[in-house]
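Have a look at the structure below before the remarks.
No lab work stands behind these numbers, since they all come straight from the coordinates. Note that the coordinates shown come from a computational prediction; the quantities given were computed from them, not determined experimentally. Cβ placement follows ideal geometry from the backbone for every residue including glycine, while neighbour counts extend to all protein chains displayed.
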C-alpha cells in the first residue's frame, strides 16, 4: 500500500517508520525540513535509503500534497500539530482525492467526536490518555 | 440580529465596531490574551476570550442562537473549521469566511464554506475596475445561481455602437440590464434605447459567454 503521512512529529514519524517496516511504500510531508531527522533516528541507513519518501511543504498546499503522492495514496494520515489543519486536510484527501482510508489525529476530544460522527475517522490521543489515567487511578 | 465574529484582528474588531454602531448584538471571540485585553478596553462584554475553534467556546458565546457567524482569523484552517461547525453542527443559517491565502479558496468551496471572502481577490477586482483589460470588468459573480454581471465600455466602431438594445446580437443566456451614458446617470434600457460609443453597458450572463459578448462591444468586433 501507498501510505501518505502529513506531519512528521513524534507520532507521525513513528507511524511512518512502522509502516515502512511493514513493507508499505511510505511518503512523509512536513513543513519543517529538519523533521527528516526523526525519520533517520534509530536506523543505520537514511530514510530514503530505506525506501522512504520525504517532501517539504505546507499541508494545505495542494501542490505539496500532490508532490507527496496524495493522488495514489491508499492511506492518508493527518498528524500535524494542528487539530484544524488535520481536520481540513483529511477532508481534502477524502473528498477531493478520494483516498480510501483517511485518519486524522485530533487532540481535542469534542472536535474528534463530532467529526467522527460525521464519518471522518479520527484518533484522539487526549481521550485515550484520559481513559488510561482513569483506569490506572481508579480501577 | 445576533452576530458572532471569530478573530479580533483589524478586520474582526472593525466589523464588530460597525455592527455595534448599527445596534446589532455582537460577540467577538479572540484567542490571544493580550489582544483580547486591548479590545476589551473598548468593547467590554462584547468580546470574549478563547479559541473559537473549540466547540464549548462557541457554545458559551451562544452559537445556538446566532443568526450570522463570521470567521476572520488569520488562519484559513481555523476559519474553515469554525464555519463548518457553525453550519453543520449548530445549523447557523448564515456564515461568512475570510480567505487569507487565495490559494486556499478551493478548500473553502470543497467543504461548502460560502461566501468566502479574499482580500486579494477584492483588490484584484478593483484593479480590474480601474485598469480594465479589453474594457471588461466582472462586477459580481453569483456562483450559486451560476450568473455573473459584467461592465463593458462600448468602443468606437464596435458592432453595438449606434444600435438599439434590441438590435445587438447577443448570445443566448445574456441580457443588457443597464446603459451608462458617458455624462453619467445610468438607465434601465428598453429595446429601443440607443447605445453610443463611449457608453458603458452592464450585462447579466451565464459564465463563459464573455468572449462572444466582448466581440459586440470592441472595435471591429474583435474579442
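Yes/no per residue for (1) surrounded by fewer than 21 Cβ atoms within 10 Å (Cβ to Cβ); (2) assigned to a loop (DSSP other than H, G, I, E, B):
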site: A:3; (1), (2): no, no
site: A:12; (1), (2): no, no
site: A:16; (1), (2): no, no
site: A:20; (1), (2): yes, no
site: A:23; (1), (2): yes, yes
site: A:26; (1), (2): no, no
site: A:35; (1), (2): yes, no
site: A:39; (1), (2): no, no
site: A:43; (1), (2): yes, yes
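The rows are residues; the columns are (1) within 27 Å of the chain's Cα centre (by Cα); (2) without any contact (Cβ under 8 Å) to a residue 60 or more places away in the chain.
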site	(1), (2)
B:1	yes, no
B:6	yes, no
B:12	yes, no
B:27	yes, yes
B:41	no, yes
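Residue-level check: of (1) surrounded by fewer than 23 Cβ atoms within 10 Å (Cβ to Cβ); (2) within 12 Å of another protein chain (Cβ to nearest Cβ); (3) out of contact with any helix residue (DSSP H, G or I) (no Cβ under 7 Å at 6 or more places or on another chain); (4) not in a loop (DSSP other than H, G, I, E, B), residue A:110 misses just (3). All of A:6, A:11, A:66 fail the test of being within 18 Å of residue A:102 (Cα to Cα) and without any contact (Cβ under 8 Å) to a residue 60 or more places away in the chain, apart from A:66. Being surrounded by 16 or more Cβ atoms within 10 Å (Cβ to Cβ) and in a helix (DSSP H, G or I) is not true of residue A:104. Taking the criterion of being more than 11 Å from every other protein chain (Cβ to nearest Cβ) and under 13 Å from the mean Cα position of the chain (by Cα), the residues of the stretch A:94-106 that qualify are A:101, A:102, A:103, A:104, A:105. Looking only at residues in the stretch A:68-82 that are touching a strand residue (DSSP E or B) at 6+ places or on another chain (Cβ under 8 Å) and closer than 22 Å to residue B:109 by Cα, the one that is farthest from the other protein chains (Cβ to nearest Cβ) is A:76. Looking only at residues in the stretch B:82-114 that are away from chain A (no Cβ under 13 Å) and surrounded by 14 or more Cβ atoms within 10 Å (Cβ to Cβ), the one that is farthest from residue B:143 (Cα to Cα) is B:92. I'd like to know if the stretch B:45-57 contains one or more residues that are surrounded by fewer than 24 Cβ atoms within 10 Å (Cβ to Cβ), over 30 Å from residue A:116 (Cβ atoms) and away from chain A (no Cβ under 14 Å). So far as the stretch B:45-57 goes, yes, one or more of its residues are surrounded by fewer than 24 Cβ atoms within 10 Å (Cβ to Cβ), over 30 Å from residue A:116 (Cβ atoms) and away from chain A (no Cβ under 14 Å).
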